[in-house]
Every structure is written in structure tokens, then in C-alpha cells.
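Scroll down for the structure; my scribbles are underneath it.
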Amino acid sequence: MHELPQQLANGLILGAMYGLIAIGYTMVYGIVQLINFAHGEIFMVGGFGALTVYLILPAGFSLGAAIPLMILGGIVVSVAVATAAERFAYRPLRSAPRLAPLITAIGLSIVLQQLVWQFYPDAKKDHPFPQFKGEAISLFGANIQPGGIFLLIAAPVSMIILGFFVNKTRTGRGMQATAQDPDTAKLMGINTDRIIVTAFAIGAAFAAVAAVGYGLHNGQVGFRMGFILGLKAFTAAVLGGIGNIYGAMLGGLVLGVAEALATGYMADVPGMELFGGGSWKDVWAFALLIIVLLVRPQGLLGERVADRA
Amino acid sequence: MSRKPRQGKDPFVRHRSLLILTTVLTTGALTLTACGSRDDKGGDGDKGGKTKVVIGVDSPTSGDLSALGLGIRNSADLAAKTANKNNTVPGVEFVTQPLDDQGQPNVGQQNAAKFISDKDVIGVVGPLNSSVSQSMQKPLNDAKLTQISPANTGTELTQGDGWKTGDKKRQFATFFRTATTDQVQGAFAAKYLKETAKIDQVYLIDDQKTYGAGLAASFKDQFTKLGGKVVGTDHVNPDDRDFNAVVTKVKSSGAKAVYYGGEYPAAGPLSQQLKDSGNKIPLMGGDGIYSADFLKLNKKAEGDLATSVGKPVESLDSAKKFIADYKSAGYKEAYEAYGGGTYDAAWSIVEAVKIAVADNGGKVPSDLRTKVLGAMSKVKFDGVTGPVSYDEFGDTTNTMMTAYQVEGGAWKPKFSEAYKPQS
């Protein structure tokens, strides 16, 4: 068990990334009750946006100085794609039956993957992403790579900013009001269309930050990277209580740690030798989800979702 | 009577979603028809008095493994062009028809059906993945269409599931390969790691695919037979890129090396994260990681090992011409790990056609497919990778293997041997 701190660190890093992506699912769901399955691809294009910024910067530009620009580039691309998707794919379907936008989201996800695959130079396979040169830092007995540190810092910082935005600003409160009851919010003079676009944009910005972290941590980005991660992040959002932003982050962390621990220790549990290791971690992650939903159907931090049938 | 454009905004808005939908549908339909029409013009059978003979090529030219797949496509094309230029078979014009299988078994099966339905196709080169081959073998066999894979190393593809217990049985009369089997490759890697690199403790990881799992199994078998110890086993998902939880386990297991059964898209990050964890041990893999892309995706590849089939193409006299021709043909992509094997596979079909035509008094026989299949056992020539011929299972008789190590940021050949596993 002496590698426990390391496995916890692995799980937290993975979880921070899940959490950052899960914010996008939870915000959009909280406001328009749409599961935006294209969000994984919003994350993916953010990674390519950041990569593009890095590639066009002059050689010799240090990575540390490039990071803010890369984050910015990623955010710009992600937000542009997400708001365009909202405007042209989801808004026309807002009054359509719930399933129509859901299917649209899945279609959009495939379209975005194919567009990147087709038109981004050299994206037909995994594309190398810049990484910090430095060695791992030892913290409480765990080795943490610079890319991991980026994620461990970015996640809480982003959460604090988001918490402040949602609770303290006018737009943030408008957001809460729209989530509770869009019709009344509209009557109170809130521009709900603008609120919805903002929700998509914020989720996309968080996904872009996560994508930069993914690139730094894994040293590559690829056109398929959003699919599995998007699914995991969606799971995290449900686990934490979909509609609740803090729940999304908590759900991400719980899911990440559960996966790391399942990989590390499940095989040591007597009788479970065959069900441990990297190939079973997803099974355990979803088993955890089912158990949580059986005990607490509203998720860990369950949001009371206004019943609007 | 000019109608004012956008007079009143509403009709425009109302029709826009319809417009988008229509555009999408039209584009989709156009793409589909374009695909269909390209394959169906079978009318130009005689080209300048020559009979057109098509060699189907199936490999992943998109997706993760496209580096290897494009090398296969180009090398087969080069073989066909060389045969035409040298007029190897008088009266026959060779054409390749490359199809993309995306590394997916179901796509491979559709491609097989496409080849079968085109009567000009008399042989198929490919695919890259053993799992794809499993879905193509049966339909091609039913159609008596010869298939030669330059890369499939799954032992059971030729010898059946019973090969481990010595109960070898040929699976499909139409399946041949220029690559040696996983049994040979995994065992060769085990021998190299144990006897040349002097490593006794190995952590074994595979990606659960036909190729990866087969390689890992034959490695384990031979490594323990030689007295080595497998200190831990794990399986990963080939789509994962974060292996930190697994490498943490490797670190505490005391392994001196990791053997990975799988391909470079996952092996690259796995190897890097292994070293990132503060554990400076090499990762070894099979020909699936012997790619320049492995080095691009892995900033700490130095010291990693791989095995590949045949001698390094660059070191063989027979290959010098291939390399020069490949260069002068101006292909954009490198020939990669399977370039030489692919050329030999495609050339085997050329040779088989030559035999079939010669047996028919210099004329192209009407049932060329069956005649090509019948001629395969007689094919024997000096190819890019060495002497090429096929045994009673359709396996290559050339079991030459080479171990490579990353040195100075490039794969360097270390050791070659015609390997026979002791059973």
C-alpha cells in the first residue's frame, strides 16, 4: 500500500480533468435540460486551438510564457464552436421534443471529430503536444509531473472564479433564475437567450482549460480524445448531481480517484484477482455510479431540479 | 418583377434550419454516390491491349495507425508500378485499389466484400491488424481470393487456436503472410531481453486486442521457460492515454523492464509516463511500436526496445533498390515498418499471376482468381526482406527477426536472427 499517495495523486489529477469538463455538462443541463453530448468535442477542439497557438508562436518562446496564450487560444476556439453550435444546432430545436437536440448533439459530435480529422494538418493520428521540461516534483510521497500540477492548480482556481461569477454577478444570478424557471425569469426581464449562450460559453472555456491540461499531462492531443473523456465527464456530472457546479467537480474527483484505486488495488482484494487492473477500471467507475444513484438518485450534491414536465 | 430579398425576416428564419438540413443531406448523398461510382466502372478491362489486373490493398489509412497503413498502401502501389514498368507479366497491367479499414474489423469486412464483388481483383494485400484480418479471412476464402498480409502476426490466423498445444491446423487456404507469427516474435523478444539485455524481472502489459494479447502470451511463455520472472500483469484500454495508475503499480513491483503487447498510440504515452514516475526502466514491444511515431509521442523513449520482422530493410542489399525506388516515386509518407513486407506481399501476387499466365500458354486465364491461388504454393523469389516463399500453413518461411533499441532519438538495429522457438 506504500504507493497509495501516488495513486491518490494520479486519481486527483485525472479527476480534476473530469471535473473541469463536467462543468460544461452540468451548466448546460442545469439551464436547458440538454445533455450536450458534443461537449467532449468542444474539449477536443480546445486542445487543438491551444496547440495551434503554440505552433504559430516563434521558436524559442518558453512554454511557461506560452501557456496563458495557449489557454486563451483554446478558450477562443472552444467558445466559438460551442456558441455556434448553440446558435445553429440547438436553438432552432429548443421547442422540439427533448430527443431531437440529444440526437443533434451526437451528430454534431461526429461532425466535429471528422472536421478536425479532415482539415487540421497532421491530425489523422495523435499529435504531439508541448510538455514542460522539468522533472517530477515530490509531494507527500507522490511524484507529480508539471502537467499534473497545472491541472491541480487550474481546477480549484477555475472553481473559485466560477463560484464568484454565479453568485455575485448579475449575469450569474440571471443564470440561477433561468435554471429555476425560465419563463418567470423571462418575465422578470432576463434575456434568457443570452443566459443560455453564456452557459455554453462558460462550459466551453472550462473544457479548453481541461484540454490544455490534458495536452500538457499526456503529451499529445488527438481527434478522438473527446469521446471517452466526454462520457466520463458526463458520468462525473451525474455522480455529483447534474445541474450542480460543485457537484460536477466533486463527481470528477471521486470518479478519478475511484479509477486510480481500482487499477491499483482491486486485484489485491481476495477473490478479485481477475477483475483488477487498467482494463477493469471503467467497470468499477460505472459500478460506483450505479451504487451512488441507487442510494442518492439526485447525485452526491444533488441539485433540486425544478420539475417542469 | 424583382422580389425584394429578405423582405420580412420570417420566411428566411423559418427556412433556415430546413436549408441547413438539406445542405447536410445533399453533401452526405454526394459523398456516398462519389464513393459508389468510383468503384463500379469495371468496363475498361483492356488497356492498350493489356488485361487490367487489380490488387486490392486494405490498410488503415486514417486514424491512429495511419502512419503504418499509408506505408502499406504506397509500398503495394510501388510493387504494381514496378511490375508494369519491367513488363514482368507480358500482357498484364497491374493496378492497386487501396481501401481504408480504419483499423476496424467491420470496415475490413465491408472492404473484403467490395474486393470480392469486383471481378478484376485477383488478390488482396493487407490488412495491418490481426483483428481486422479475422473478419476478412472467411469471406475472401469463400470467394477463393488470395490474401497476403504484410503485418498480421497473430499465430492463430494461420495455425488455428490449437497452435499452443501443437495441434496446428491450416485455417484458410487463401490466407498467406510475409510477417512472422507472434509466437516467433514474442519468443524472440523474451530471449533477447533475458539473454542479451540480462533482465530477469518483467512487468507484462497488453491492450487486449488480438495482436497485443497474443504477443504478450508468447512472450510470457518463453520468458518463464528461460528462467525469467513475470512480476506483474496488467491490461489496458487501447484508447486510454493516462496510464499513471498502472505505472505506479509497475514501480512498486520491482520490474526491470516492461513488455507491452500493443501498438504505439498507447505505448508512447505509457512509456513516457513510466519514466515520468521516476522509474527508469525500458519498455519493450513488438513491431506495433516500431514506428517513428512512437518516438514523436514519447519524449523519453531513449533505451526502449522493439522487435520487428525481417532484417532492417536498410541493411539488406535486396532492399536498397526498394528504398531508392520508393524515394524516386515521390510518396509523401514513409514506408514505415511494413514497407518491405508489403512490397514482397504484392510481388508474390505478381509472381503468382506470372505463373498462372505462363501455365495458360501466355494468355491470361479466365478464372485468374483460382489460378493465382493455385500458384501461390509455387511462388519463390528473392524479395526486399529476403527469400520469399510460403509453408503449408501460408506462413512465411523466413523467420528472420531483429531487435531494435532507441538510441539518440532513433531506432537502431541491435541483433538479428532467424529464430526458431524451442518447443
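Every number here is computed from the coordinates shown, using simple stated rules; none is lab data. Just so you know, these numbers come straight off a predicted model, no measurement behind them. Because the Cβ atoms are built from the backbone with ideal geometry, glycine has one as well, and the counts that use them run over all protein chains shown.
Between A:A211, A:A154, A:A237, find the one with the highest GNM mean-square fluctuation for chain A; connect C-alpha pairs within less than 10 Å. Result for chain A, Cα springs under 10 Å: A:A154 fluctuates most. Can you bin segment A:207-258 into rounded, prolate or oblate? Criterion: square roots of the alpha carbon gyration tensor eigenvalues sorted a ≥ b ≥ c, rounded for a/c under 1.5, prolate for a/b above b/c, oblate for the rest. Verdict is prolate for segment A:207-258.
Across peptide A:277-290, the average count of Cβ atoms from other chains found within 10 Å of a residue's Cβ is 3. Couplings for segment B:298-313, taken from phi via the Karplus curve 6.51 cos²θ - 1.76 cosθ + 1.60 with θ = phi - 60°, read 9, 7, 10, 7, 3, x, 5, 10, 8, 10, 9, 7, x, 7, x, 3 Hz in order; Gly and Pro are left as x.
Take every Cα-Cα pair in segment A:15-227 and report what % of them are more than 30 Å apart. Present the calculation step by step, with values, prior to reporting the outcome.
Numbers: 5748 of 22578 pairs.
Counting every Cα pair in segment A:15-227, those more than 30 Å apart make up 25 percent.
Note on the protein assembly as shown: Rg/Rh from C-alpha atoms, Kirkwood Rh, equals 1.01.
Take each residue in A:86-92, count the other chain C-beta atoms within 10 Å of its C-beta, and the mean is 2.
In loop segments of segment B:300-382 as defined by DSSP, the trypsin sites (Lys or Arg not before Pro) with at most 15 further C-beta atoms inside 10 Å of their C-beta are B:K332, B:K363, B:K380. For segment B:167-175, backbone phi angles converted through the Karplus equation (6.51, -1.76, 1.60; θ = phi - 60°) give residue-by-residue couplings of 8, 7, 9, 4, 8, 9, 5, 9, 9 Hz, Gly and Pro being listed as x.
Averaged over peptide A:6-16, the number of partner chain Cβ atoms lying within 10 Å of each residue's Cβ comes to 3.
Write out the GluC sites (Glu not before Pro) in segment B:392-423 meeting two conditions: DSSP loop, and at most 15 other Cβ atoms within 10 Å of their Cβ. The qualifying sites are B:E392. Of the trypsin sites (Lys or Arg not before Pro) found in segment B:98-167, those that fall in a DSSP loop while having at most 11 other beta-carbon atoms within 10 Å are B:K119. Comparing mean-square fluctuations of B:A197, B:A345, B:A257 from a GNM of chain B with C-alpha springs under 10 Å, the top value falls on B:A197. Could you tell me which of B:Y211, B:A356, B:L65 has its Cα farthest along the dipole of chain B towards the positive end, charges placed at Cβ (Lys, Arg +1; Asp, Glu -1), taken about the Cα centre? The listed residue farthest towards the positive side: B:L65. Over the protein assembly as shown, DSSP H runs of length four or greater, each weighted -39,500 (n - 2.57), average out per residue to a 222 nm ellipticity of -17500 deg cm²/dmol.
What fraction, in whole percent, of alpha-carbon pairs in segment B:94-167 exceed 20 Å separation? In whole percent, the long-distance tail amounts to 28.
Going by neighbour counts of Cβ atoms within 10 Å, the residues B:V202, B:V57, A:V32 line up, fewest first, as A:V32, B:V202, B:V57.
Computed on the Cα trace of segment A:132-244, the radius of gyration divided by the Kirkwood hydrodynamic radius gives Rg/Rh = 1.07. With the simple spin-label model, which puts each label point 7 Å out from Cα in the Cβ direction, the B:T233 to A:I290 separation comes to 2.6 nm.
Taking R0 as 25 Å, what's the FRET efficiency between B:E407 and B:Q104 from their Cβ-Cβ distance, rounded to 0.05? Rounded to the nearest 0.05, the efficiency is 0.10.
Averaging over every viewing direction, what projected area does the convex hull of the Cα atoms of segment B:212-364 cover, in nm²? Value for segment B:212-364: 12.9 nm². Under a 5 Å amide H cut-off, with hydrogens placed 1.01 Å from N, B:S149 pairs with B:G126, B:F176, B:R177, B:T178 among residues at least 5 apart or on other chains. A simple spin-label model places pseudo-atoms 7 Å from Cα toward Cβ; at B:S318 and A:A100 they are separated by 6.5 nm. Ordered by the count of other Cβ atoms within 10 Å of each Cβ, fewest first, B:I122, A:I106, A:I35 give A:I106, A:I35, B:I122.
Result for chain B in a Gaussian network model with C-alpha springs under 10 Å: among B:S66, B:S389, B:S253, the largest mean-square fluctuation is at B:S253. Across segment A:48-172, how large is the tail of the calculated P(r) beyond 20 Å, expressed as a percent of all Cα pairs? I get 64 percent for the Cα pairs in segment A:48-172 exceeding 20 Å. Each of A:F200, A:F140, B:F223 was scored by other Cβ atoms within 10 Å of its Cβ. Arranged with the fewest first, they read A:F140, B:F223, A:F200. For chain A, the longest piece that avoids every one of the trypsin sites (Lys or Arg not before Pro) found in DSSP loops with at most 12 other C-beta atoms within 10 Å covers A:134-303. Shape analysis of chain B yields a ratio of the Cα radius of gyration to the Kirkwood radius, Rg/Rh, of 1.06.
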